[in-house]
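Undergrad: Quick one: the structure is below, questions incoming.
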Amino acid sequence: MIDRITKNEERLDSILLSIKELGESLDNFNNNRKNLKLLNKYYGSDDWFSDREDYDNNKIPKVKAGVLSEDAIWNMNEEINYLIDEMKSIIKYFDKEK
C-alpha cells in the first residue's frame with residue numbers, strides 16, 4: 001500500500017512540475033508573438049536580401065547573423081508547426097478522456 005501511495009505521489013509531483021513548466025513555456029512563447037511576427041516579416045523582405053548581400057560581401061562587420069541564413073527562420077517556423085501539431089494531439093487526447 002505504501003509503495004502504491006509513493007508511486008502515485010511521484011506521478012502527481014511529476015505532472016504538477018510538467019504543468020508548471022508548460023505554463024511558463026506557453027507564457028514565454030506568447031510574450032514573443034510580436035517578435036515572431038516581426039521576424040517573419042523581415043525574413044525574405046527587401047531589407048533581408050540587402051542585409052544578406054552586404055553581409056556576404058563583407059560590407060558590414062561579421063556578427064552573429066543566423067537570421068540571414070536561408071534555413072534558420074524556416075526551420076524555426078517548421079518547429080512551431082510541429083509543436084502546434086503536438087498541442088493539437090494533446091488536446092484531442094484530453095477531449096476524448098472527458
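Taken together, the values in this text are just the output of simple stated rules run on the coordinates, not laboratory data. The shown structure was predicted, so the numbers you read here are calculated from the model rather than taken from an experiment. Backbone-built Cβ (ideal geometry, glycine too); neighbour counts: all protein chains shown.
Undergrad: Being among the hydroxyl-bearing types (Ser, Thr, Tyr), in a helix (DSSP H, G or I) and more than 19 Å from the chain's Cα centre (by Cα) is the requirement here; does Ser89 meet it?
TA: Here the answer is no, as Ser89 does not meet what is asked.
Undergrad: Can you name the number of the only condition in (1) among the hydroxyl-bearing types (Ser, Thr, Tyr); (2) free of Cβ contacts under 8 Å to residues at least 24 places away in the same chain; (3) surrounded by 10 or more Cβ atoms within 10 Å (Cβ to Cβ) that Tyr93 fails?
TA: All conditions are met except number (3).
Undergrad: For segment 46-64, give me the residue count where each residue is closer than 24 Å to Arg33 by Cα and free of Cβ contacts under 8 Å to residues at least 12 places away in the same chain.
TA: 4
Undergrad: Please enumerate the residues belonging to segment 9-65 that are closer than 18 Å to Ile84 by Cα and not polar (S, T, N, Q).
TA: Once the filter is applied, which keeps residues that are closer than 18 Å to Ile84 by Cα and not polar (S, T, N, Q), segment 9-65 yields Ile19, Glu21, Leu22, Gly23, Glu24, Leu26, Asp27, Phe29, Arg33, Lys34, Leu36, Lys37.
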